[in-house]
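Working notes, beginning with the structure itself.
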Amino acid sequence: MRDGTDAAQPADTADQPDPPDVADAVDAVDAVDAVDAVDAVDAVDAVDAVAKSPVSGGPFPMTLWSEAVYSRRAIPDTLAAGFPAPGTADAGPEVLPDGPRLPLAPPPLHLTPSPASPAGLADPAVLAALLHYSYGLLQHDLTPGGRPLHRAVASARCRYPSELTLVTPEGAYRFDPLHHQLVRRRRPGDGETIQRPGDPGPPRYLVITSRFARTARLYGDYAPRLCAQEAGMLLGAVHLVAAALGLRARPVADRERLLGLCANGLQAAGEHPMGFLEIGPSARHPTDRAWLPPDLAPVLRARHSGAALFDPAPVAAPRALLADLDAALTDAPFGDFSCHLLVRRVEGVTPGHYVHDGGRLRPVRDGDPLALLEQIGQTEGRVSLNFRATACTAYVAVRRGSAVARYGADAFRRLHLTAGAVAHRLCVVAAGHGLSARVHNGYDAACAERLLDLAPDEETVLFQVALGTARPGAAFRLPVVF
């Protein structure tokens, strides 16, 4: 059931564990403060539809804009305790892909390529680093089961619905992050020889697909939006890691080319193609880029979404944060977006509203933006985050009106790829300055459009990312080393 109000779904896209026994839906930060549980019968139909919808039918109907971005939608109250949505059963452990397995080289501890030795996928260390630092396991919580396992990008409740597949002339190879291996998904035709995917040859492709049912087990029919957000962040992760390795990664959103790559059994049943990148050698050294840490690896290992309840310490962020955000956004893989930064506490920077568009960061208005933040972040009559303690909060906006007019229903997928790639950069920049970055959907999209002065019926906010200094907590997280 829906309450008919015009606020965004408060589903948290942070890679956080499911909090045990939260009976009263503690806070909207957990994405569990939706007041009404989805009707059990509706949830069964919704999750079945999410899991079984055919690729050819398109997994993103036009109604998702009103139902998942603009409308305040109820989610199952079972989410608080981490139980499956009403009427569903936990999927349990998934069967790993069939096919010959190719162990990857141990990923390097540093991502600092030498100008004298241009990178290529023929180098086992480069292939391992690209996959591991894009979507591999980087951390795990010290619990009896060692879970949740945290990968290189944020994911709603660590469900990680995305899959990453390397497609080469020799075959298709699914990345298995748990074992740091490649699994051959597609066999060569008769008469073809089997080669390792790192052998020299034409450009390779990294294809992103998504298993909506993984996320739907907790979020019901809100899952497609969360999966689209993660796919965009994963695309941004591959693009950034490739740059650090001296590779060229050209993102492609074209649906027909994507479906062509996924033909002949690349994706499993219930697995939806989301996007891909063409990987090849770069003509320039990574230090030529507008923004890239000197060593990306430790920054990615430090990326953190904060505690289950995002309540940062009220500490000012370093002055260089805004300069790095500006440079990183300028170098994003897609350019048709704007990023509004509501800055509260950054050393040497006047609090206020700033916007990055057209390749530069500029001030919009001075003054503490707390009132704006608490209006945009209102869900169910209360503020969804502790904006009073954040350093700054970013809102990533895209041109929905133009995209829908040009691409129809497929605009939803395309625009989430654009915005997700930007959101991942925000998270990485924050990590580089010792900050946590929390992707949180508890915002009112219509209110954000009005208060951020977005173009009516054209621009839409798809991501809210809060940046702040994490407080010490009881959780203990360990690195994963292969």
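Read the figures in this text as sums done on the coordinates, not as results from a lab. Because the structure is a prediction, the values reported are computed rather than measured. Neighbour counts run over all protein chains shown; Cβ positions are idealised from the backbone, glycine included.
Values as computed for the structure displayed
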| quantity | calculated |
| --- | --- |
| Sequence ranges 123-133, 410-420, ranked by mean other-Cβ count within 10 angstrom, highest first | 410-420, 123-133 |
| Highest average packing first - 205-213, 423-431, 355-363, Cβ atoms within 10 Å | 423-431, 205-213, 355-363 |
| For residue 397, net neighbour charge (Lys/Arg +1, Asp/Glu -1) across residues whose Cβ lies under 12 Å away | -4 |
| Cα→Cβ-extended label distance, 7 Å offset, between residue 179 and residue 143, nm | 2.4 nm |
| Region 344-398: C-alpha gyration tensor shape, a/c 1.5 cut-off, then a/b vs b/c | oblate |
| Approximate spin-label separation residue 125-residue 257, in nm, with each point projected 7 Å along Cα-to-Cβ | 3.2 nm |
| Estimated FRET transfer efficiency (residue 319, residue 278; beta-carbon r; R0 41 Å; 0.05) | 0.65 |
